Amino acid sequence: MPMDDDIAPDAKTDSVPTQASLIPPLRQVAVLLDIDGTLLDFAPTPREVWVPPELSTTLKQLHERTHGALALVSGRSLNDIDLIFAPEVFPAIGGHGAEMRLQPDSEAVAAHAPPLDKELKRRLAAIAKLSPGILLEDKGYSLALHYRLAPQAEKAIYEAVSLIRAELPNAPIEVLPGKSVCEIKHSGFTKATGVLELMTHEPFKGRRPFFIGDDVTDETVFAIMPDFDGLAFSVGRRATGVAGHFDGPSDVREFLAHLLDVDRDVSLS
């Protein structure tokens, strides 16, 4: 798992301790984490993802060690995030920046993100009928068409979305290509706008963030990390401007657990 583009793709390095050495003490940082493809391995459907028990323990301890400055940053809704991590509840940005919760026991903070127009949503939802195996997910602020079970339908899905956009050129929507998913959301908010808002609130304010993500939608957050003297890491690929990358979610989980070990050693020294 090389650290930058100057190292050959097949080079072998122990990136977990190497990347951990880049992270300041936990009392100084804000931990920002994408979920699917970053913390969790992909599953045939979004509802089938599995949260390893040790990950929940790691996240709880990171939340404690950072004095609350840990947040999940996801395209999933807050309700969906809570379901898959139940019974644990964490601070989170949901719906690609449409929703935010600053503390586990606090109410969601409105991000002024309007839901998709009902008629537009109806037309987009009809695309799921193109092929068996296309899974429709209505997130309120966005609509996702998952085709992991129908990979042959990818081209037809994007062509159908393009046709609707051509017929409604003034519709304020944005198409987010993902890993076996085409997501359509209201324009004007992103994961980055959510993070920018998050970083104005305690306990995140004034801290150095690091963000780990895997998808195209995470690149907006990668781009703003330098604004906070922060760090970005990509998963599964080398994205532009990141400090390093991980091969997969299992490496991310190992990295986070290693951070706790390193921080504990520093605290005892």
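The values are calculated or read from the model by the stated rules, or taken from the named source; none is laboratory data. Treat the numbers as computed from the prediction; the structure is a model and nothing was measured. Every residue, glycine as well, gets a Cβ built from its backbone with ideal geometry; the counts of neighbours run over all protein chains shown. Note: areas computed on protein heavy atoms with side chains; ligands, DNA, RNA excluded. Shrake-Rupley method; radii C 1.70, N 1.55, O 1.52, S 1.80 Å.
The table below gives the values:
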read-out: Some residue of the range 250-266 being touching a strand residue (DSSP E or B) at 6+ places or on another chain (Cβ under 7 Å), at pLDDT 90 or above and open to solvent by 10 Å² or more (accessible area, probe 1.4 Å); value: no
read-out: Residues of the range 120-134 classified as within 15 Å of residue 185 (Cα to Cα) and open to solvent by 90 Å² or more (accessible area, probe 1.4 Å), total; value: 1
read-out: Scan of the range 225-246 for residues that are within 12 Å of the chain's Cα centre (by Cα) and open to solvent by 50 Å² or more (accessible area, probe 1.4 Å), ordered by number; value: none
read-out: Residue check for residue 94: of a type outside the set (A, V, I, L, M), in contact with a helix residue (DSSP H, G or I) (Cβ under 9 Å, 6 or more places away or on another chain), surrounded by 21 or more Cβ atoms within 10 Å (Cβ to Cβ) and without any contact (Cβ under 8 Å) to a residue 40 or more places away in the chain; value: yes
read-out: Qualifying position, being open to solvent by 10 Å² or more (accessible area, probe 1.4 Å), under 16 Å from the mean Cα position of the chain (by Cα), hydrophobic (A, V, I, L, M, F, W, C) and modelled with pLDDT of 95 or more, among 51, 73; value: 51
read-out: The range 190-204 residues that are basic (Lys, Arg), paired with ones that are crowded, with 23+ Cβ neighbours inside 10 Å and modelled with pLDDT of 95 or more (beta carbon under 7 Å, 6 or more apart); value: 191/73; 191/93; 191/218; 191/221
read-out: Qualifying residue in the range 20-28 (condition: modelled with pLDDT of 95 or more, among the β-branched types (Val, Ile, Thr) and closer than 22 Å to residue 245 by Cα); value: no
read-out: Selection status of residue 114, touching a Pro at 6+ places or on another chain (Cβ under 7 Å) and closer than 24 Å to residue 192 by Cβ; value: no
read-out: Test: residue 222 is touching a His at 6+ places or on another chain (Cβ under 8 Å), outside any loop (DSSP other than H, G, I, E, B), at negative phi and crowded, with 18+ Cβ neighbours inside 10 Å; value: no
read-out: Selection from the range 159-171 of residues that are more than 16 Å from residue 122 (Cα to Cα) and either of a type outside the set (Asp, Glu) or outside any helix (DSSP H, G or I) (or both); value: 166, 169, 170
read-out: Residue that is surrounded by 12 or more Cβ atoms within 10 Å (Cβ to Cβ) and either of a type in the set (Ser, Thr, Tyr) or modelled with pLDDT of 95 or more (or both), where the choices are 162, 142; value: 142
